[in-house]
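Read the structure below first, then the notes.
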Amino acid sequence: MADQELDAFPFPLQPDEFGTSFRQHQRRRAECPLGEVALPSGDAAHLVVAYEDVARVLRDRRFSRNLRYPGAPRMVREADMNDNPDAIINHDPPEHGRFRQVIQGAFSPSREARWRPIVQGIVDGLLDQVAAAGPPSDLVADFAGVLPISVMCALVGVPATDWQLFHDWTAVFFAVDPAALEERLRANREFLAYIRAFLEQRRKEPGEDLVDLLVAARDTDGKLSEGELVQLVSALLIGGQENTASSLARGVLALLRFPDQWAALCAEPGLTGPAVEEVLRFEVPSEGAFLRVTTEEVALSAGAVAAGRAVQVSVPAANRDPGVFPDPERFDIHRTANPHLTFGLGAHFCPGAPLARLELALALRGLADRFPGLRPAIAPDEVRYGEGNLIHPLLSLPVTW
Ligand code: HEM
């Protein structure tokens, strides 16, 4: 791609409509399926948009998550989250397997069964408050923005009253604006100090939460260093939050923008699972996965990628690839096959996927059962999305019923 065109595509792409970049994705799919984008650091990366290629990048070990060598491509100039040697997401197999072993214990099916009543209780409590306050309500401030962080606080074991702190820190972590550097450093310092103090206290008074399993993996089994333990607790609190909140808020808006879909969900509880999958396919609030770098030349369907190149996949583009999803721009909760890539693939496949699916299912069902007359209180195209960060969350969702 010519420099001029590369300059025209700074990353993250700015959303065109309803917080998605689907027009830019369509154009790139047709004109430059392996074209470059300019990362906020100034480095160039291929932006991969075809489903087959996105799946390959996520699965193939030659697309590495180790960006910690001199001269490696960077997302941002300083305080890049890709630099952290203790973070699970920054490791490749086989080393990465050690982290996954620990996390798999924490996310076993028997633990998942224990989560359902906890999540249901939090959904019911929040919807009771929405109902009691009466219309209108801002479903971001009153529901979608609070649910995932409240769930993570309850499961990890941190006090629920601290959710606002995590919420604010997370917003800063996803900022890529160079002007946000000081903010990022400050938030990171405060967040890590909080986690360290919390771990200290749990060692004195252990409980039966996720954090206690992770502490045991460190203290009893020696599977983690102290830095890795701190980062894993942080990854759960951060990873579990903004993505789920954004998918939920954006998903509710998608359902309300297409009233036939909302009516179908209200009438048929059996559609809850397929509706969750369609929301996940259609409403990815970012490009969906972390930057990779090639360890050797690799051939993709869109062309060859040389060794040492930065590669950014676009999950939302893959999720609307017409070769895989018939009529991909249509939001349709009756879809039967829905192999979206929203939770990634391969070694880093999201360990929180079952929990996120549970939260989305109980939240959508709760809304549909209790507020079947739900509708936007402003024109859907007046809804605003956060810009300039890696994630484009819905800023507010005024509704009435
Ligand atoms: C709708 C909600 C969610 C979405 C869309 C999502 C998406 C993803 C994706 C795409 C990845 C892989 C990234 C890559 O390969 O570059 C990932 C990894 C991860 N997610 Fe999620 N996630 C969600 C919810 C959660 C929840 C609820 C948790 C925690 C309870 C969580 C914790 C993690 C962690 C720790 C990783 C790193 C795994 C590894 O490196 O092996 N996520 N997530």
Can you spot a residue in the range 378-401 that is surrounded by 14 or more Cβ atoms within 10 Å (Cβ to Cβ) and within 11 Å of the ligand (Cβ to nearest atom)? yes
Within 12 Å of the ligand (Cβ to nearest atom) and either free of Cβ contacts under 8 Å to residues at least 12 places away in the same chain or charged (D, E, K, R) (or both), is that true of GLU287? yes
Looking at LEU126 and the list (1) under 29 Å from GLU208 (Cα atoms); (2) out of contact with any Asp or Glu (no Cβ under 8 Å at 6 or more places or on another chain), which single condition is not satisfied? (2)
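Filter the helices (runs of 4 or more DSSP H) completely within the range 43-149 down to those with at least 3 residues that are surrounded by fewer than 19 Cβ atoms within 10 Å (Cβ to Cβ).
Numbers: elements: 51-59, 95-106, 109-133.
Fully inside the range 43-149 and qualifying: 95-106, 109-133.
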Check on PHE173, at pLDDT 90 or above and at negative phi: no
Just checking, does the range 40-55 include any residue being within 21 Å of the chain's Cα centre (by Cα), at pLDDT 95 or above and within 12 Å of the ligand (Cβ to nearest atom)? yes
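Looking for something at pLDDT 90 or above, part of a helix (DSSP H, G or I), charged (D, E, K, R) and within 26 Å of ALA171 (Cα to Cα) - is there at least one such residue anywhere in the range 227-234? Lay out the reasoning, then the answer.
Quick first cut of the range 227-234, residues at pLDDT 90 or above only: 227-233.
From what's left, part of a helix (DSSP H, G or I): 227-233.
So of that shortlist, the ones also charged (D, E, K, R) come out as 228.
Among the residues that remain, those that are also within 26 Å of ALA171 (Cα to Cα) are: 228.
The answer is yes; a qualifying residue exists.
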With more than 20 Å from ALA50 (Cα to Cα) and modelled with pLDDT of 95 or more as the only criterion, which of LEU341, LEU394, LEU345, LEU362 stands out? LEU362
Can you confirm whether HIS96 is under 19 Å from the mean Cα position of the chain (by Cα) and over 30 Å from ALA254 (Cα atoms)? no
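So that you can scan it fast, the table gives a plain yes or no per residue for (1) without any contact (Cβ under 8 Å) to a residue 40 or more places away in the chain; (2) loosely packed, with under 14 Cβ neighbours inside 10 Å:
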{"residue": "VAL172", "(1), (2)": "yes, no"}
{"residue": "GLU182", "(1), (2)": "yes, yes"}
{"residue": "LEU185", "(1), (2)": "no, yes"}
{"residue": "ALA197", "(1), (2)": "yes, yes"}
{"residue": "ARG202", "(1), (2)": "no, no"}
{"residue": "THR220", "(1), (2)": "yes, yes"}
{"residue": "GLU226", "(1), (2)": "yes, yes"}
{"residue": "GLY239", "(1), (2)": "no, no"}
Does the range 189-222 hold any residues that are touching a helix residue (DSSP H, G or I) at 6+ places or on another chain (Cβ under 7 Å), modelled with pLDDT of 90 or more and not in a helix (DSSP H, G or I), and which are they? PRO206
When CYS350 is run through (1) more than 16 Å from the ligand (Cβ to nearest atom); (2) surrounded by fewer than 18 Cβ atoms within 10 Å (Cβ to Cβ); (3) more than 14 Å from VAL54 (Cβ to Cβ), the failure sits at (1)
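The values are calculated or read from the model by the stated rules, or taken from the named source; none is laboratory data. Every value quoted in this text rests on a predicted model; they were computed, and no experiment measured them. Don't worry about glycine lacking a Cβ; one is built from the backbone with ideal geometry, like all the others, and counts go over all protein chains shown.
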